[in-house]
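Okay, structure first, notes after.
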Amino acid sequence: MSKTKFTVTVSQVNRRVALTLKNDAALADINVKGEISNFVHHYKSGHIYFTLKDSESALKCVMFSLEAEKLTFAPENGQTVIAGGRIGLYERDGSYQLYAVTLEVFRSEDEEDKKEESIYEKFLKLKETLEKDGVFSNNRQLPAYPDKICLITARDGAVLQDMLSVFARRYPIVEILLIPALVQGAGAPKSLVTALKTADNTGADLIILARGGGSAEDLWAFNDEVLAREIYKSTIPVVSAIGHETDFTIADFAADLRAPTPSAAAELTTPDLSELPFILDNMLLNLQNKIRRNLERRKNKLENLEKIINALSPEKTFARGYAAVFDKDGRAVKSSEKIEINDELHIKLANGELTVTVNKIES
């Protein structure tokens, strides 16, 4: 007696294969080395399609626009590359392919060493040039209580969310204006410069350039000369928050403050609102003390002036036995030359006045 076979649809088969591939840990995160062929860049969507091949086999690959725009080189047929990503099934066609999220040119160890040396030499040369031009002389004062902060970073990613979380926790009253920009790839320097120019006209109190960690190549956009000079020309203080604490870029030297990480930048540029009552109490106490000390100084000064005035006062002089002489018109008599016999004079004493007639004049 024959068994009846279970029948499935094509879609069900492809779905089963897709799930099998998805659940294979070895294929979920894999790096594949091969030579590029059949390269196609769809400029409308931004996606790129290519095949990786070696001497025996070929593997179809796709890289979507979000990852493709981060590339620091232009892929082309014949290049040997390393593509990182996951293996999955394109169910409509029943074909499996590599969904690439990273792509880099393959180099031998000697080539890598020479490349790193070349990158570092370019960095040092540009740093020396900009330093001589005074581009690293910025020292604009950061606001203690900013009202508006312009944040220049990628629209999508953990950096933005991490910084917004810190702002919300520490200083939720600050206005955050996001100006999205590319932070990696060939188009990133121009995108960052455009964003910085836009930020400089927003009336913000502060600008923060932020990007997460990465390799020297990943951060190279922030070693751009035009970007550094734009940071220097900014009318608003600029804080750089690029990579990790051990990462340094040209933008860090041009900025007014370098933060070790993006989250640290959010901490350094905002006060903790929960501490403001204590800060205000302390400020008020210092103000009361300052006013009291100022009043005491003024009081002491006034008393000293009063002593000087009293010492020079005519009444004090009269009290010591001196008198002042005036003629009949009330003018002070300073000499006997203009006085004649029988002239009437008035003498002011410490206590009272006298009216006298001149009987004798002696020179």
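Were the residues from E344 through E296 laid out at 0.36 nm apart, the gain over their Cα-Cα distance would be 12.2 nm. Note on Q161 and S37: their simple-model spin labels are 4.1 nm apart, each label 7 Å out from Cα toward Cβ.
Relative contact order, whole percent, for the range 10-106 stands at 31, derived from Cα pairs under 8 Å and 6 or more residues apart. Rounded to the nearest 10 degrees, the inclination of helix 276-312 to the longest alpha-carbon principal axis of the chain is 20 degrees. Taking the helices alone, the chain has a mean residue ellipticity at 222 nm of -11500 deg cm²/dmol, built from -39,500 (n - 2.57) per DSSP H run of at least 4 residues and averaged over all its residues.
The order of the peptides 345-358, 55-68, 170-183 by mean Cβ neighbours within 10 Å, most packed first, is 170-183, 55-68, 345-358. Considering the zone a paramagnetic label at A18 would reach in this model (a point 7 Å from Cα along the Cα-to-Cβ line), which residues of the range 87-106 have amide N under 16 Å from it? Backbone N within reach: 87-99. May I ask for the distance between the Cα centers of the range 24-63 and the range 176-199, given as a whole number of Å? Centre-to-centre (Cα) distance: 29 Å.
Where the only charges are on Cβ atoms (+1 Lys, Arg; -1 Asp, Glu), what is the dipole of the range 30-177 about its Cα centre, to the nearest 20 debye? Present the calculation step by step, with values, prior to reporting the outcome.
Working: 19 positive and 24 negative charges, 139 e Å.
So the magnitude is around 660 debye.
Sorted into 20 angstrom bins from 0, the C-alpha pair distances of the chain split as 20, 31, 18, 11, 10, 6, 4, 1, 0 percent.
So which of K70/K125; K328/K348; K125/K197; K127/K233; K33/K122 end up more than 20 Å apart by C-alpha? Can you show the working numbers first?
On the way: K70/K125 25 Å; K328/K348 13 Å; K125/K197 26 Å; K127/K233 17 Å; K33/K122 29 Å.
Cα-Cα > 20 Å for K70/K125; K125/K197; K33/K122; rest within.
Sequentially through the range 190-197, phi angles give Karplus couplings (6.51, -1.76, 1.60; θ = phi - 60°) of 4, 4, 5, 4, 4, 5, 5, 5 Hz, Gly and Pro residues having no value and appearing as x. Its relative contact order, with pairs defined as Cα atoms under 8 Å and 6+ residues apart, puts the chain at 11 percent. Net charge of the neighbourhood of A228, taken over other residues with C-beta under 11 Å away and scored Lys/Arg +1, Asp/Glu -1, is -3. Using R0 = 41 Å, the C-beta based FRET efficiency linking I309 and Q288 works out to 0.85. Looking at the calculated P(r) for the range 61-184, what percent of the C-alpha pair distances fall above 27 Å? For the range 61-184, the share of Cα pairs beyond 27 Å comes to 52 percent.
Computed from the coordinates by the stated procedures, all read-outs in this text should not be read as laboratory data. Note that this is a predicted model, so its numbers are computed, not measured. Because the Cβ atoms are built from the backbone with ideal geometry, glycine has one as well, and the counts that use them run over all protein chains shown.
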